[in-house]
Amino acid sequence: MDTYGDYRNTGPSKYRKTSSSFGLPTVRARYNGDVPEDFLVDKALSLVENQGMKHDKNTFLLDASSTGHNSTATEGYQIVPDEGPLPQFIKAGMASVPDYINNKIREAVQYLSFPGLLPQISRAFVTADSKLYFWNYFDGSDFVCFEEVKQIISNVGLVAPKSGIFPQQTEWILVVSTSVEILLIEILGISIASMEARLSEYSVASDDVQMTKIVGTKEGRIFMGGLDGHLYEILYGVKEHFFQKKCRKICHTSNGLLSIFKFGQGDPIQDVVVDDSRRLVYTLTKSKSEIQVYSLGEKGDDFIPKYKCKDLYFTIKRELPNIKEFRVINVFPITETESKQYQLQAITDSGIRIFLSTSQDAFSISGSNNTLSVRAVKLAPANRSQAIQTAQSGSPYPQQSSSPFAGTPMHDRFLTERLIHNQTVEPLEQELEEVSRSLYSKNVTILNVCPSEDQSTLIFISLDPKLCTNLWAENASENASFLCKAPGGVWDLSEDENNMNKTSIYYRNISSTREGSIHNEIITQHFLPAKQYILLTSFHTHVLSKMRPIDNLVRILNSSNGKIDHRVKLFIEEYGHIQTCIMAILLASTNVETVDAKHPNLRNWATSLSLECSRQASAERANNSSMFGFFQPSTASMTVGQISVALLLHRYLRPILHTTIITHATGKSAQFTFSPQEMGEIAQYLSSLKDFINQNPQVISKGSRGGNTNENFDAEEEARLSDGLHLLINRSLQAVLFLQNVNDFIFPNILQQLTSNGYGILSGMTVKEFMKEQGQKAAQELLQTITSLSNRMDTGEELLSQILQKNSQFYFSTADRDRLQAEECLEKAKNTPVESERTNLLNQSVQLYKKAATGNASIDNVVREYKALNYPTGIVEVALAQANKGIISSENSARFFLNNCPEGDADLRREFDRRRNYYGYVLSLLHESFDQGNESFQSMRSEIIPIIKKSNDVCLHYVIYDWYISMDEKAKLIQDFKGMTTAHLENYLNGKGTIDDLEILTTLYTANEKWGAASKTFAQLSSLPNVPLHQRSNYILRAYSLCKLANFHINDHNYATLIQDKVILVQLQMKIKDALSESRDIQYQTAARELEESDVMEISKLYRYTQTFGLHELQLEVLKNAETVDQSISNCIQENWRKIIRQEPTMASLSNKVKSLGDILGHSEAFPVEFLIAEMEKENMTNGKEERDAPWVIHTMLNLRISFRELVRIYDQLLDSSEWNEKAKMGHIGEMIVVLVKMWRENIRSMGPKDANYNKETNDFTRVVESVLTKRSSQLKSVGEEEVAQSMLELRKFLSGK
């Protein structure tokens, strides 16, 4: 929390009775004459309010972006890449779905399981039949299993509880729908680390209706959409009697009949949403996309059917004839703070956004008053890559050498120069893939496109924040970002507002719908953190943050090291000097929360930027009429700095400036309008601004204009303006602190003790008036009341001193005091016999030492003292705290160490040596813990390792890991640091990248059961140079086995295929290398060494080796794995087989060779059965009659499981070939057919008629053979082979007899 400066000591005193107690003395200004302070403050207030009215007028950007000359036209999108210096959305965090959840689902789910998000409590959930599992989606912690539901869960919804029904600690109600009943479960005790789910007494029968959506109003009403097309409500907490139960379900859409008398099956309800701001409920049907509107009445306790919108597609098609048919998948209410024209957005499965309203306006497409009608349509943006390509192809940016982007790649220019030219990219003529899920919230739309189950594309559409500064924007463009390849299918999308401080006075003012509340991001970024969105996939929960202008400014300053380079100038072009100056002052003076980490020098950089901007003359040109009366300067003479400070002060004071101090002027019900916490929050901002102006007075002073001159410049008027702003900042801070302290006083009924005169003064007084002269009188009345109460209790001076003490407590702590207090705690701990008290004192001393700046000599003494008290954890914590007090980040030091401490950067070397000196205390303890003979340190590792693992000091982790490895304690390294949080160790080992380090990494992954990561690391090892082929083969085989274990064939099919291919290739490479190694030929040996020393070769290279060295058998194996087999490859296969056949000396050896290769090649293209039979029979024909008649070819093929029928077909085809048209050859083939049939007859007899396959085999073979025997017997008889022909006829008779 920011300190409050000197004004924390300016509280009231009971001795101050005059108006000077709250005002500075009259200023003797730098101009002639005395000017009363109140006059300056009053005029400065007028200036602040006028600037606020001029610059901070609320603009409904959604109206501007969705309307214009043609509301149905495809509006321009400004395509913002998801990478680069100015992204609109970034991934701010990620957590894996807990393994326990996945395991439980696999074990338990039999019927139904579905996941989802409950953003109100920062939890994700998944059902497993009747069980509910919850976990914190930010880090996967706080796993809760709810098992009290007895039926299969079909839907859940989180709603607010009704007031007065449940115990006060019940924060939410989880409505669980099953096929039998609907249950209400209390959710309580919610925190980041825990929550409790408890079954309530309320339940109701579901009447076999499956609920598709469950929502609730802020008052606690529960609505449910049914699969039967009806809308239901659960009523609970009512008094039970004979005709009415305390929990019951009613159907609002059954035409007045009871729900049990509903007839027919309606269009299922797709979506149900509640608009609490207008007290409306919307339903969307699934098939027809009909939208129905229901009113809940002014008090939210009624239910009145109002409007219906149907035939959306045909309505829009009339305006956009080329649009394809769509289905609405979601509807989202648009609040009154976002739009005056629209109240509902419908999103289709093609990404079309349809804006609807119940009021008629000039931009409507359809409908009339009192109907829900289409008002505007926005088509989906183009995809990211094509959008950028389109932007580049047109060369929309100037290429002159004077451009700040001369020589910059076009992609980078697109990311930055768009700020100057505001180029828009029209959506391309391409259909968007189907949108499966969508989300809309506060001018941000997210579309999820799932091209596959394991990959999603997210499209983010948001309004351009710079347009918040343009009060006359008519055609506001929208930014569209494409976040591609989100891993896993998207289960749910949601906005998480739990990072918002909803108790903040600024949050409530921004969230309000009342007149004067501001919702523009250019202003809300001062007080609210970046919006964050939760994406639940099948693997992780991702936290996505929307970048605000101030976040982009931080990113630019970080990347430019604070230099005002072309990127900063482009930012100023985008948002103007005034808004940029305000953002710079915020960064320089407050702890405004940003998405990116802040550089240690960011405040200095932001200060320099604010000074640079403040020197610019205002672009505003007004007449010379005096706003300050007779001495007020014209706006033409004001600097950007003065306007910026005035505008920032207005934003700080806006929630309270025109609000009364008390809510009631009379009676005992009078109370302060604002709580002490709210006033304290405003005081922090005012104090930071005061401190900044005190340190940098030139921002608003006379000299801030620099070299810019203006003939209308008036030194005296500007001096008055500067003094007026100074005084107003101080006065407003005093007023806010005074009201805070009085409200926070120990007497809660102080307002009831005021005199009637005091009530009269405070009645209706606003905070703005309190800052003026009349506020001094009100303060006097309050002080007199406090003094009176104090005197009656005889504690007046003590009570007043408590106020002063409260104002000054933030200045209390210093490094010296921390160190002294730490030493005092340590001394007490040494002399305390009670163990629990000693531990408490030691813990206190550690916290104080960590805040104090401790040198080497001091920490040596601390280490000795802690060792004597057997307190090693204190040594570690203090040493690590001191190590991180350097000026260079731990990440930079870690990179320096990972690069083996290169020479050249003396500052980095000194910083690393300083860090390593403190790390030495930790390493010394670890060394002692490894000493088996030292029993006092046996359990030390178990105490200090958790502290090391929790540390964010990257350099520490790297030094510790290196020490383990240097001590040859790799096993202990894995044992001590395995687990879920091993990112630092993984980065270290990957960064080193040696074989030894990567092998340790595979051991770590295996120990953590990260099979996929281990597989990919083994694959990485297999690609390293200087790895022997047999070791490379071993790495690949291990990668393949782990790939199967990790189910990569399902989750990462491409990687699994790649590894499987590498297994085949490395095995072929091994075989070729071994074959070449058998030869003594020098060329063969050289080739074998090449294969041994190279990476896994492509199949084309392996083929060249087999071809060059005549390795015909291995060449066939290579060709077997070819992706495609064309005619040239087929010829190559046949030629290799001819060579193999010719090389065999005997038919027996040839038969064995064919069998051997057949087992290897299988039924692939590399084993051409028809060709081989023909070639072997040709070879057979060269033998004598007796040897030729032996059916060894048939036996060979039968041994390779070629069927009888296939062999008959092949031999039959040979008789049609011209090569076999000779009498002897035809007779030989006929004999082989006879032999085949006889062999089949013996085979079928061995099966016997009782065999199940007997009849099938007989019938199949008979059909094939009968025609063959009939045809071929005549053919063979005609050429003189009567004996063979006769055998065929006999066989045919035999078959006919069968």
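The values are calculated or read from the model by the stated rules, or taken from the named source; none is laboratory data. Not measured: the values here are computed from a predicted model. Don't worry about glycine lacking a Cβ; one is built from the backbone with ideal geometry, like all the others, and counts go over all protein chains shown. Protein only, heavy atoms only, side chains kept; ligands, DNA and RNA dropped before computing areas. Shrake-Rupley method; radii C 1.70, N 1.55, O 1.52, S 1.80 Å.
So the values come out like this:
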quantity: Matching entry among Ala1056, Ala1014 (being under 20 Å from Thr994 (Cα atoms) and surrounded by 15 or more Cβ atoms within 10 Å (Cβ to Cβ)); calculated: Ala1014
quantity: Output for the range 1215-1243, where each listed residue is open to solvent by 20 Å² or more (accessible area, probe 1.4 Å) and not in a loop (DSSP other than H, G, I, E, B); calculated: Ser1218, Glu1219, Lys1223, Ala1224, Lys1225, Glu1231, Val1235, Lys1238, Met1239, Arg1241, Glu1242, Asn1243
quantity: Members of the range 100-119 that are assigned to a helix (DSSP H, G or I), in contact (Cβ under 8 Å) with a residue 60 or more places away in the chain and open to solvent by 30 Å² or more (accessible area, probe 1.4 Å); calculated: none
quantity: Residues (in a helix (DSSP H, G or I) and within 60 Å of the chain's Cα centre (by Cα)) located in the range 1198-1214; calculated: Asn1199, Glu1206
quantity: Ile347, sole failed condition from (1) farther than 30 Å from Arg508 by Cβ; (2) at pLDDT 90 or above; calculated: (1)
quantity: Boolean, Lys777 is basic (Lys, Arg) and modelled with pLDDT of 85 or more; calculated: no
quantity: Helices (runs of 4 or more DSSP H) lying entirely in the range 1073-1144 (those with 3 or more residues that are open to solvent by 40 Å² or more (accessible area, probe 1.4 Å) and either of a type in the set (A, V, I, L, M) or in contact (Cβ under 8 Å) with a residue 12 or more places away in the chain (or both)); calculated: 1082-1093, 1099-1108, 1127-1143
quantity: Residue within the range 196-211 that is in contact with a Ser or Thr (Cβ under 8 Å, 6 or more places away or on another chain), under 28 Å from Ser277 (Cβ atoms) and among the charged types (D, E, K, R) present; calculated: no
quantity: Residue match in the range 1014-1030 (condition: of a type in the set (S, T, N, Q), closer than 23 Å to Ile1160 by Cα, part of a helix (DSSP H, G or I) and out of contact with any Asp or Glu (no Cβ under 6 Å at 6 or more places or on another chain)); calculated: no
quantity: Neighbours by Cβ (under 7 Å, 6+ apart or cross-chain): first from the range 958-974, more than 15 Å from Gly920 (Cα to Cα) and touching a residue at least 24 places away in the same chain (Cβ under 8 Å); second part of a helix (DSSP H, G or I) and open to solvent by 20 Å² or more (accessible area, probe 1.4 Å); calculated: Leu973/Ile965; Ile974/Thr1003; Ile974/Ala1007
quantity: Candidate set from the range 327-342 (those that are open to solvent by 20 Å² or more (accessible area, probe 1.4 Å) and either assigned to a loop (DSSP other than H, G, I, E, B) or out of contact with any strand residue (DSSP E or B) (no Cβ under 7 Å at 6 or more places or on another chain) (or both)); member that is farthest from Lys310 (Cα to Cα); calculated: Thr337
quantity: Residue satisfying condition, being under 31 Å from the mean Cα position of the chain (by Cα) and open to solvent by less than 60 Å² (accessible area, probe 1.4 Å), within set Leu998, Leu1024, Leu1068; calculated: Leu998
quantity: Leading residue by the ranking (nearest to the chain's Cα centre (by Cα)) among those in the range 865-899 that are of a type in the set (A, V, I, L, M, F, W, C) and assigned to a loop (DSSP other than H, G, I, E, B); calculated: Ile888
quantity: Subset tally (residues that are exposed (fewer than 13 other Cβ atoms within 10 Å of the Cβ) and out of contact with any strand residue (DSSP E or B) (no Cβ under 8 Å at 6 or more places or on another chain)) for the range 284-310; calculated: 4
quantity: Tabulated pairs, the range 1213-1226, first touching a residue at least 24 places away in the same chain (Cβ under 8 Å), second loosely packed, with under 12 Cβ neighbours inside 10 Å and assigned to a helix (DSSP H, G or I), C-beta under 9 angstrom, 6+ apart or interchain; calculated: Lys1225/Glu1219
quantity: Residue match in the range 223-232 (condition: modelled with pLDDT of 90 or more and either basic (Lys, Arg) or closer than 16 Å to Pro161 by Cα (or both)); calculated: yes
